[in-house]
Amino acid sequence: FSFSAAYFSNKFEFLNETVYNLSGSDTLGKAKNFSFYAYAGYRLKGKFVPYISFDHIKTASNDVHVGQMELNRLLIGLRYEVTHQINLKVHLAATSAGHSLSHAVGHAIDDNSYEFKIQLSYGL
């Protein structure tokens with residue numbers, strides 16, 4: 001099951017995506033997985049958009065594709081729209097992860113981590 005909602009006006013931006021996945025195997029039973037993403041931004045002076053987003057992912061211990069994990073991420077950022085095709089973004093994020101996350105995604109991720117990123121993006 002999945003649900004998404006989006007609203008974009010001249011000032012306010014909102015996006016939500018929610019997924020509930022139920023899969024089963026003969027030996028492990030049913031795995032119940034859930035993910036949630038929400039984004040909100042508010043346009044200032046035309047080209048600046050401060051924004052906030054939140055991610056939550058939780059997979060069951062008997063999931064055969066990913067393995068058990070739980071991840072929460074809060075992100076605060078600022079986007080500058082150079083043109084309608086070029087954006088410059090800066091954000092700070094805090095992530096809280098369960099101990100099994102590094103095993104699930106195949107590389108080491110600390111239980112709690114913080115990041116600062118700068119991104120230049122171009123769209124056609």
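Taking T18, is it closer than 26 Å to G123 by Cα and assigned to a loop (DSSP other than H, G, I, E, B)? Talk me through it step by step, then tell me what you get.
Details: closer than 26 Å to G123 by Cα: yes; assigned to a loop (DSSP other than H, G, I, E, B): no.
No: the conditions fail for T18.
State which residue is farthest from the chain's Cα centre (by Cα) when the search covers only the range 29-46 and only residues that are among the basic types (K, R) and assigned to a strand (DSSP E or B).
Here the residue is K30.
Cβ contacts < 7 Å: first residue farther than 14 Å from F8 by Cα, restricted to the range 35-55; second residue among the β-branched types (V, I, T) and part of a strand (DSSP E or B), any location; separation 6+ or different chain. Result?
S35/V19; S35/I57; F36/T18; I52/I76
Which one of these is over 22 Å from L92 (Cα atoms) and either in a strand (DSSP E or B) or modelled with pLDDT under 85 (or both): V66, V49?
V66
For the range 71-86, check the following and say yes or no: at least one residue is buried (at least 16 other Cβ atoms within 10 Å of the Cβ) and at pLDDT below 90.
Yes; the residues of the range 71-86 include at least one that is buried (at least 16 other Cβ atoms within 10 Å of the Cβ) and at pLDDT below 90.
Within the range 29-43, how many residues turn out to be open to solvent by 80 Å² or more (accessible area, probe 1.4 Å) and at pLDDT 95 or above?
In the first step, residues of the range 29-43 are kept if they are open to solvent by 80 Å² or more (accessible area, probe 1.4 Å); the result is 30, 32, 34, 42.
Now narrow it down to the ones that are at pLDDT 95 or above: 42.
Result for the range 29-43: 1.
The values are calculated or read from the model by the stated rules, or taken from the named source; none is laboratory data. All values derive from a computational prediction rather than experimental measurement. Note that each Cβ is placed from the backbone with ideal geometry, even for glycine, and that neighbours are counted across all protein chains shown. All accessible areas refer to the heavy atoms of the entire protein, side chains included, with ligands and DNA or RNA removed. Shrake-Rupley method; radii C 1.70, N 1.55, O 1.52, S 1.80 Å.
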